[in-house]
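Colleague: Sending over a structure as structure tokens; questions will come in a sec.
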């Protein structure tokens, strides 16, 4: 269905190239892009400073605690110290009140920090301005490139995600057949080194799709046809994987190959292989390919037609990260709500499902609403929907010992919300803690809001 | 070999008549012959309804001089006895490019090509390269024997040909399919005028959309009228002159589907011209509307091939609509006949011409009557072209254009022997060739067996059986009574060949040859038994037409078997969000009658009402999307910086599945906007989402809006291509507006001054300009602007332009920096229609904030939330709810942003947008709090008719599945039965957004968020 997911903007730019003319920008355009890039570079000073480490134990009492594993504790108590959860329980939970800063959150709801998998936040600032995009390297096979090092903690997009409850994203490279490796980032930090929770958690592979977009220059028509070049791509991949697997058995190779080095983790099980595939046949092929090459942990991403291969996914124990389900059905005759219901249908069939926002960057803040839509339209229990953006992604990412649920011993990475976090009516984040650090919830939007509230003097309206 | 002989005969015939053009000098000796022929004892179809048994047809010098029973045959007549055979008038095809030069599509517009702003035509022609009224098929025509032969074999003698290039294609010529000099082949020229929506070889930017093509045609009609009266003294214009010369000719409009046919008819109505429509084979899907057009149809027989649906997963990529069309297309002609629509048939649009008879017979099998079929190929086209005195029937005085057949023309075993064109014979199959089919006793000197001849009389199949079991297929040539057979009698010896040569003698064959062993032998084949022919089908007998399922309205999955009707509905005990002064009414009832809200209250009752229990549910006004691009065939006419003349109402697509999907999200009304490719876009169309209705069912003609646009799109900032269209900066954008409105004022003055003259005689009429008409409407507050806008500087600019020229900006749409100039907008009286939370995807939305709607509202600007996206539109209630989160807007006020506020913005609040007695019953019953993410519509009601309901949707899903399953099985059987099947392509529907240029965003294209602006 899709030929990989480059950044959203690049899809459009391609389209316009097709539409009118040159594949290449005129020099003057490059110049303008450069200028605009300089003029409008994200101004780091505008983001609030990252929070200081937790110095004193904090207890949040009286709120409804959504643990993230399906459990809900009414009038709960959550205590954390030095960034670690020290107690999670009901009202009877005891802690040293004298040494602890107690925050009454009665009537509020507590959630683990939400996790957005497959996001490009921090890699893309303004998608139409080339100078601000670092999500897609040139070339087809880039296992060695790392999203981590391009991740910009000063992106002005990041604070806007925190304000909807997202505290962790998987910074994900895009493009090519193998896009590179992703890393799990905390949404607060001075630089990528201190923002990273898990480095290089996995490699991203776009499975060559059964159907590829064919563009006809004669009449400008675009259609999806059987992909005529896919076997060649698969052959190249097979060569790479078998070479890399053999290479991985050599401890100290005499000639270091950066690309092959980058694949080592797949065979040892240290890294996931995230495979973007939507078509049901692509999904089967991709998983079989991965297994046959000794890849320990394949994950299917996108998975629009996963309903047809539910048994296959279960038998092979393959977790699925759905792309944006705020989309239309792919086919005219599909049920109108099918994308909304997909998470629920897969979950009820026994597939491990995480939700993502389709590798978006700024829109990623709407991830809780994707889960809410899944609950509302799919008759899915809200706590189950919540798991799809908390504990399940944590498990897939291999960070479930630290984040994903509110359990003793895990990181104090959580939010206090006005109400139901999955519903925009009540998704108002009042506090956010990342490793116990109280994060400043200011963002560009709030500043502008305040500025113009003051201008019009409508603060009290 | 036989082919070659036929060709030789053809050629020799041609040479003999080549000399008939009297003005041409002759190289050789005169060879004028009496050319007097009689055809006797034939069944003669004078026309489809007058048949003469045992009749005689007498022709002289290419003209019919007699047709009747007891005709005197003058001396010197060549008499052909056609006992048992039939004569039909030769067929006429009205849709052809026979003899026309190839249309070369411009490569322009592809990578690296600069935009072509002006016409490349050199000379005193009109401004647009797609207008070719001066093209005369008669001047371009050249004889093409190969193509003519192809058509002659099918029985055609005359075609109406035209050059298929451009929107105005000039005149057509009626030509025969004789192989002769052009001078004698062209019968009449000009005989017709031809129009289309396709710009053909023109690489000029404008128009690049069907609504642009429509506008160009409108303007051309006006320009031609002006040229005739006043313009010819102002400029010399070959094109307008030629366009005027076409008026009065029968005009054929090439439609590409049912909706473009109806669009063309709308144009015809505006200019009091009844077009003849070249259809596309899907007319049955909207036959009532097509009939109402009053036009005659040129109907192709282009039936789609079955899809290969044996792979279950791949088969899902074929839509129900495609499968149903595959099943129903052969019944199209029958449906047209049944509806009483006048039509002709054409061999055009077939993959190969040889499909013509197969498909025509199939159409007859599916219910088309033979009489109508024959008329549609003879008398009807002749009458349409006002040539019925000469062609289409075999009456005295008409040209001798006829075909001789073995039997009923429409029977599968019919053979066309000869096609006579103006008295010249073209042999298709040898009429004198005896039917040799049968079983013969084959005897050679050393061996005996059977020779079995079967197959078609003109193309027999041969088989030899030497022993009881071994069947051998010999190689045979049989021509002019001489036969030659060779075969391998022993399978184990494939290199040993028996060769027999001989001739027909009586009812058998005889001759000599050499056996495989090299022994000379005599041989003989004596007829044992002639072939048993199935009893010839009587013309009137007919099997019942195959069952083809039922049409859907619209013709796609989830379509209605019957169009939904307004009902008397009583919704009981719901929480009613009125979006009105009445606020929110708990536990209340709403009565709907005649499409209107009749009563609101408690404990209402009404006899005959369908009662819907609203307990625990929420009733709101239907959601209104101020900014939508669904249900359209095209979005942008971006060829020029202003396209005020184009109308989105010309390109509404009632078949778009997104209409149904929006209903499933509670949307009842959408404003379909032009895109944002240029500063002054096109005129908007506001539609009620009446799924199954036609364009006029959906359209609200009282809503008169136009799209404007500012910023990056109109200056083509993100295209990355060499762009040369003005403007390229926001400075230029301002000047586009200043320039256009200044001109509009002057234009208005010119007309005012003309209209106020007491005596107009001798005064030149000003030229009507439909682009300026739209701008004058804006100046006079008769048309209202919806302006795509983002940054404060440009919003401020347009407000100042409007203030300085004395008009109003009705709505700023998107308006993501509206919060920065909310006070100015309020002062001007402009409304804002915003995205809830979009930002960051391009430079001009860097300062977009989700608090925008809240600030605008608090400052006092009338504000709505829009989608610009078919997906987001079905969650507009969720998007409105974001105004509660971002900016603390009250929930009832937030709901107003997608109900009464957009209704007010679109000046339709008197009839819809709130729950108030007397207003249109556009309602949604939600299963949950309407601003909650968990809310789904249980019922979506438009003007009292239920267009979506949860249980209705379940039923539709069930029907889609059943119908798909039935058709899949049918397709598989068709394939097993030998029908060709094509691999299912994966088609995704076009999704339009502001920036989409015609043709770029096609099926299968992936949408991205950035397009949505």
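Please treat every number below as a calculation from the coordinates, not as lab data. Owing to the predicted nature of the structure, the values given are computational and were not obtained by experimental measurement. Virtual Cβ from ideal backbone geometry, glycine too; neighbours counted across all protein chains shown.
Colleague: Calculated FRET efficiency, residue B:234 and residue B:608, Cβ-Cβ r, R0 60 Å, to nearest 0.05?
Modeller: That pair, residue B:234 with residue B:608, gives E of 0.35.
Colleague: Another one. What Kirkwood radius, in Å to one decimal, follows from the Cα pairs of the protein assembly as shown?
Modeller: For the protein assembly as shown, the Kirkwood estimate is 36.4 Å.
Colleague: Please report, in cubic angstrom per residue, the volume enclosed by the convex hull of the alpha-carbon atoms of chain B.
Modeller: With only Cα atoms used, chain B gives 233 Å³ per residue.
Colleague: Now for a different question. Determine the shape class of segment B:877-956: with a ≥ b ≥ c the square roots of the Cα gyration tensor eigenvalues, call it rounded for a/c under 1.5, and otherwise prolate if a/b is greater than b/c, oblate otherwise.
Modeller: Oblate, since a/c reaches 1.5 and b/c is not below a/b.
Colleague: What's the extension gain from residue B:543 to residue B:755 if we count 0.36 nm per residue and subtract their Cα-Cα distance?
Modeller: Gain on extension, residue B:543 to residue B:755, equals 69.7 nm.
Colleague: Listing B:966, B:743 from the residue with the fewest other Cβ atoms within 10 Å to the one with the most, what is the order?
Modeller: B:966, B:743
Colleague: Please work out the Cα center distance from segment B:641-694 to segment B:229-256, rounded to the nearest Å.
Modeller: 32 Å
Colleague: What is the Cα centroid distance between segment A:309-326 and segment A:136-177, reported in whole angstrom?
Modeller: First find each Cα centre; the distance between them is then 23 Å.
Colleague: 222 nm [θ] for chain B, helices only, -39500 (n - 2.57) per DSSP H run of 4+, per residue, to 500?
Modeller: -7500 deg cm²/dmol
Colleague: Measuring from a point 7 Å past the Cα of residue B:561 along Cα-to-C-beta, which residues in segment B:953-980 have an amide N at less than 19 Å?
Modeller: B:953-968
Colleague: Hey, what angle do you get for helix B:876-885 against the long axis of chain B, alpha-carbon based, 0 to 90 degrees rounded to 10?
Modeller: It works out to around 20 degrees.
Colleague: When A:245, B:286 are ordered from fewest to most other Cβ atoms inside 10 Å of their Cβ, what list results?
Modeller: A:245, B:286
Colleague: Relative contact order for chain B using alpha-carbon pairs under 8 Å, separation at least 6, rounded to a whole percent?
Modeller: 10 percent
Colleague: Same structure again: Of all beta bridges DSSP finds with both residues in segment A:113-405, what is the antiparallel percent, to the nearest 5?
Modeller: Within segment A:113-405, antiparallel bridges account for around 40 percent of the total.
Colleague: Round to the nearest 0.05 the FRET efficiency obtained for residue A:249 and residue A:87 when R0 = 45 Å and r is the Cβ-Cβ distance.
Modeller: The formula returns an efficiency of 0.45 here.
Colleague: Would you mind pulling out the separation of the Cα centroids of segment B:856-906 and segment B:287-343, in Å?
Modeller: What the calculation gives is 42 Å, centre to centre.
Colleague: If I model a spin label at residue B:615 and residue B:395 as a point 7 Å from the Cα along the Cα→Cβ vector, what separation in nanometres do I get?
Modeller: For residue B:615 paired with residue B:395, the spin-label model returns 7.6 nm.
Colleague: A further question on this structure: As a test of the formula, what do you get for chain A when each DSSP H run with n ≥ 4 contributes -39,500 (n - 2.57) and the sum is divided by the residue count, at 222 nm and rounded to the nearest 500 deg cm²/dmol?
Modeller: -8500 deg cm²/dmol
Colleague: Can you give the FRET efficiency to the nearest 0.05 for residue B:768 and residue A:441, using r as the Cβ-Cβ distance and R₀ = 60 Å?
Modeller: E(calc), rounded to 0.05, equals 0.50.
Colleague: Please report A:361, B:440 as a ranked list, fewest other C-beta atoms within 10 angstrom at the top and most at the bottom.
Modeller: By the 10 Å Cβ count, ascending: B:440, A:361.
Colleague: How many nm is it between the label spots at residue A:348 and residue A:194, if each spot is 7 Å from the Cα in line with the beta carbon?
Modeller: Label at residue A:348, label at residue A:194, 4.8 nm between them.
Colleague: Provide the gained length on full extension for the span residue B:71 to residue B:731, in nm with one decimal, where the gain is 0.36 nm per separating residue minus the Cα-Cα distance.
Modeller: That works out to 229.0 nm of additional length.
Colleague: Another question about this same structure. Angle check, please: helix B:210-229 long axis (alpha carbons) against the longest principal axis of chain B (alpha carbons), in degrees 0 to 90, nearest 10.
Modeller: 80 degrees
Colleague: A follow-up question, please. Using Cα atoms only, what is the angle between the long axis of helix A:367-378 and the major principal axis of chain A, expressed in degrees (0 to 90) to the nearest 10?
Modeller: The angle comes out at about 90 degrees.
Colleague: Here is a follow-up. Relative contact order (percent) for segment A:113-405, with alpha-carbon contacts under 8 angstrom and 6 or more residues of separation?
Modeller: 18 percent
Colleague: Continuing with the same structure: Quick check on segment B:693-760: take the gyration tensor over C-alpha atoms, sort the square-rooted eigenvalues as a ≥ b ≥ c, and tell me if it's rounded (a/c under 1.5), prolate or oblate.
Modeller: oblate
Colleague: For residue B:183 paired with residue A:74, estimate the spin-label separation in nm (one decimal), with each label point 7 Å from Cα along the Cα-to-Cβ line.
Modeller: 10.5 nm
Colleague: Using Stokes-Einstein with the Kirkwood hydrodynamic radius over Cα pairs, what translational diffusion coefficient do you get for segment B:30-163 at 10 °C and a viscosity of 1.306 mPa s, in µm²/s rounded to a whole number?
Modeller: This corresponds to a translational diffusion coefficient of 82 µm²/s.
Colleague: Then there is this: Can you give the Rg and Dmax of segment A:113-405 based on its C-alpha atoms, in angstrom?
Modeller: Spelled out, the Cα radius of gyration and Dmax of segment A:113-405 are 18.6, 58 Å.
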